[in-house]
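To start, the structure under review is shown below, and the notes come after it.
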Amino acid sequence: MPAFTVETVGFAACADDLLRVREVVFVHEQQVPPELERDALDPQCLHVVARDADGRAIGAGRLTRERQVGRMAVLRDWRGRGVGEAMLAALVAAARDRGWRELWLNAQVGALDFYRRLGFLPYGPRFMEAGIEHQAMRRKLDGAMAVEDREAAIAAVVALAHATRRELCVYSRALDPGLLDAPEVVDALRRLAVRGGGILIRFLLQDAATPQRDDAPLLVLAQRLPSVLQLREVDDPVDRNYPSAYAANDAGGYYFRSLGHRFDGETDLGGAGRARQLREEFMRTWERSRPCSELRALGL
């Protein structure tokens with residue numbers, strides 16, 4: 001992978017580089033009027049610039065005093081190489097250094113998955129800005145965030161999958177129709193499953209018959225990658241009556257729902273103590289549950 005660096009800078013020191021990248025991406029590619037792309041906030045913001053090995057600017061972004069991430073842009077040839085993720089991580093780190101508790105942004109709808117993967121949850125209706133459809137998103141930096149609807153639930157699971165190091169545990173009633181069959185979630189879990197390096201994704205179900213009957217997309221993935229995606233069904237009557245659902249990874253992240261048939265709950269990518277507690281509870285239940293061997297052949 002080609003090398004690049006990311007640094008936080010003041011606007012005056014790097015204005016030419018920052019504006020050059022933004023002009024290419026926003027003005028030339030996306031047809032945003034120049035008078036909308038540039039504003040009076042730039043001198044007041046903290047900026048990040050990404051550079052290639054020769055020192056050429058390839059990405060830009062900024063953080064306003066109002067805790068807003070914005071003007072995230074990466075040159076076309078460098079997209080999909082981790083530049084945007086590294087720049088956003090630098091802005092999050094800078095916000096934490098300032099003691100800020102939350103960040104927000106207005107994401108272009110085409111970039112929603114990028115921000116989902118990095119822990120931002122959508123809220124409110126979509127809207128048009130500079131002729132482009134946008135979605136407001138936010139991320140807490142100092143604890144759990146409330147998950148209030150399906151779109152936020154999808155974002156929470158996508159973020160957990162992306163942050164997983166090697167192991168993700170999911171406790172679900174019946175593979176959560178509306179959530180675990182959402183294309184964004186299936187794609188995130190597929191990316192995790194094929195990443196390599198000993199990845200293991202475990203699903204504990206209270207009802208294995210329903211997802212089998214409904215041909216749940218994750219069962220197809222589990223059939224293709226049985227050593228990576230493993231499914232068990234609880235046997236103990238107490239386990240069958242457990243009301244909650246959750247997902248927890250080995251990187252300190254979790255998403256917990258007190259009522260497993262609802263989407264609302266809380267999520268935290270940095271909740272190591274709670275994530276460890278949920279994974280330990282999961283493994284105790286896993287050990288006394290039965291493998292879902294009937295799900296290995298779906299007749300598809």
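Each residue of the range 135-148 was assigned a 3J(HN,Hα) from its phi angle through the Karplus expression (A = 6.51, B = -1.76, C = 1.60, θ = phi - 60°), giving 9, 6, 9, 8, 9, 7, 10, 10, x, 6, 10, 6, 9, 10 Hz with x at Gly and Pro.
What angle, in degrees between 0 and 90 and rounded to the nearest 10, separates the Cα long axis of helix 11-22 from the longest principal axis of the Cα atoms of the chain? Helix 11-22 and the main axis of the chain meet at about 70 degrees.
Place a +1 charge on the Cβ of each Lys and Arg in the range 4-140 and a -1 charge on the Cβ of each Asp and Glu, then give the dipole magnitude about the Cα centre in debye, rounded to the nearest 20. Working shown, then result.
Working: 21 positive and 19 negative charges, 133 e Å.
In debye, rounded to 20, the range 4-140 gives about 640.
Between Ala94 and Arg76, the simple spin-label model (points 7 angstrom out along Cα→Cβ) gives 2.8 nm. Between Leu225 and Arg288, the modelled label-to-label distance comes to 3.1 nm, taking each label 7 Å out from Cα in the direction of the beta carbon. Placing +1 on each Lys and Arg Cβ and -1 on each Asp and Glu Cβ, with no other charges, gives the chain a dipole about its Cα centre of roughly 620 debye. Between Asp187 and Asp235, the contour length at 0.36 nm per residue exceeds the Cα-Cα span by 14.3 nm. Applied to the range 35-42, the Karplus parametrisation 6.51 cos²θ - 1.76 cosθ + 1.60 on θ = phi - 60° returns per-residue 3J(HN,Hα) values of 5, 8, 5, 9, 9, 7, 7, 3 Hz, with x for Gly and Pro.
Given the -39500 (n - 2.57) contribution per DSSP H run of 4+ residues, what per-residue ellipticity at 222 nm results for the chain, rounded to the nearest 500 deg cm²/dmol?
That calculation yields -9000 deg cm²/dmol at 222 nm.
For the peptides 168-177, 273-282, 90-99, residues were scored by their other Cβ atoms within 10 Å and the scores averaged per peptide; the highest-first order is 168-177, 273-282, 90-99.
Using a Förster radius of 30 Å, what is the FRET efficiency between Glu66 and Ala272 based on their Cβ-Cβ separation? Nearest 0.05, please. Don't jump to the answer; show the numbers that get you there.
Details: r = 30 Å, r/R0 = 0.99.
With R0 = 30 Å, the Cβ-Cβ based efficiency is 0.50.
For the range 69-81, the Karplus equation 6.51 cos²θ - 1.76 cosθ + 1.60, evaluated at θ = phi - 60°, returns couplings of 7, x, 6, 6, 9, 10, 4, 3, 5, 10, 6, x, 10 Hz by residue, with Gly and Pro reported as x.
Close amide H pairs (under 5 Å, H built 1.01 Å from N) link Ala251 with Arg165, residues at least 5 positions away or on another chain.
From the coordinates of this entry, percent of Cα pairs over 37 Å apart is computed, and it appears in (i) 9; (ii) 4; (iii) 22 under the label (iii).
Amide H contacts under 5 Å for Ala208: none, restricted to partners 5 or more places along the chain or on a different chain, H placed in the peptide plane at 1.01 Å from N.
No lab work stands behind these numbers, since they all come straight from the coordinates. Keep in mind that this is a model prediction, so the values were computed, not measured. A quick note on method: Cβ atoms are made from the backbone with ideal geometry, for glycine too, and the neighbour counts reach across all protein chains shown.
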